[in-house]
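Here is the structure we will look at, set down as C-alpha cells.
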Amino acid sequence: MTSRTSIAIFGSRDVDRDPALTLFEQYLASFVDQGRTWLLAGTRGIDEWAMEWLLERREVCWAVVPHTRFDQPKSIQSRLEQADRVIELHLPGRKSARAFRNRYMVDLCGIVFGFRSGKGSGTQTILKYALRNQKEVHANPVLTIDDERGMADAELARGWPR
C-alpha cells in the first residue's frame, strides 16, 4: 500500500444506512476499481456502512482500531471479520486513543473523505489535521433523520409548499 493510493474515511456515528449508501454512490463511486486500499475506523455509523458498501464492490478494506478488535462494539465484530486487515494499535484506554488512531490513518493515506452531520467535532478535527498535512480532502455534509425532520418542520412552519 502506498499512501498516495489509499483513502481514509471518517464520519459521524449518527448516520443511518440508506443515506450513507446514497452518499457513497455520489462521492466514492469514482474511486473504486482502482486498486486502492480503504482505511476505516471500524466503528458504527459511516464506518460500518462504508465498509459494507466497499466490500460489496470487492474493494480492499483495512480497519484501524485504537485498542483491539474485541474492544469494538459487538455490532461491528462481524464486519471486522470481513475486513482484509485489522490493524490493532493496542493504545492505552484513554479518550486520546481515538484521536491518535485517526491521525495514524491520515498519515497512511493520500486522500481523506469526511462525512459529517455537524454533531460532535471528531470528523472536523481530523479533516483539519489532513489539510495541515497536505492530504487531498473531501468534506461532505450529512443530513441525519433528525435534520430532515427539522427541515420539514421548519418548511411547514413557514407555510411551504404554497
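The values are calculated or read from the model by the stated rules, or taken from the named source; none is laboratory data. As the structure is a prediction and not an experimental result, all values here were calculated from the model. Ideal geometry is used to build each Cβ from the backbone, glycine not excepted, and the neighbour counts take in all protein chains shown.
Laid out as a table, the results:
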quantity: Pairs, first under 13 Å from Trp49 (Cα atoms) and in contact (Cβ under 8 Å) with a residue 24 or more places away in the chain in region 61-90, second among the polar types (S, T, N, Q) and assigned to a loop (DSSP other than H, G, I, E, B), C-beta under 8 Å, six or more apart; calculated: Ile76/Thr43; Leu80/Gln72
quantity: Scan of region 57-69 for residues that are β-branched (Val, Ile, Thr) and in a loop (DSSP other than H, G, I, E, B), ordered by number; calculated: Thr68
quantity: Selection within region 112-126 - surrounded by fewer than 21 Cβ atoms within 10 Å (Cβ to Cβ) and either touching a Phe, Trp or Tyr at 6+ places or on another chain (Cβ under 6 Å) or outside any loop (DSSP other than H, G, I, E, B) (or both); calculated: Gly122, Gln124, Thr125
quantity: Residue check for Ile111: at pLDDT 95 or above and within 19 Å of Trp38 (Cβ to Cβ); calculated: yes
quantity: Checking Gln72 against (1) under 21 Å from Asn140 (Cβ atoms); (2) touching a Gly at 6+ places or on another chain (Cβ under 6 Å); (3) of a type outside the set (Val, Ile, Thr), the condition it does not meet; calculated: (1)
quantity: Matching residues in region 1-15 - criterion: being aliphatic (A, V, I, L, M), closer than 14 Å to Cys61 by Cα and at pLDDT 85 or above; calculated: Ile7, Ala8, Ile9
quantity: Set Ala130, Ala139, Ala99: member being surrounded by fewer than 18 Cβ atoms within 10 Å (Cβ to Cβ) and under 26 Å from His67 (Cβ atoms); calculated: Ala99
quantity: Residue list for region 99-111, filter: touching a residue at least 40 places away in the same chain (Cβ under 8 Å) and assigned to a helix (DSSP H, G or I); calculated: Arg101, Asn102, Tyr104, Met105, Val106, Asp107, Leu108
quantity: Extreme residue, nearest to Leu23 (Cα to Cα), among residues of region 135-162 that are modelled with pLDDT of 95 or more and of a type outside the set (Asp, Glu); calculated: His138
quantity: Counted residues, region 1-54 - those being of a type in the set (Gly, Ala, Ser) and either surrounded by fewer than 18 Cβ atoms within 10 Å (Cβ to Cβ) or part of a loop (DSSP other than H, G, I, E, B) (or both); calculated: 9
quantity: Residue in region 70-93 that is modelled with pLDDT of 95 or more and either in a helix (DSSP H, G or I) or of a type in the set (Phe, Trp, Tyr) (or both) present; calculated: no
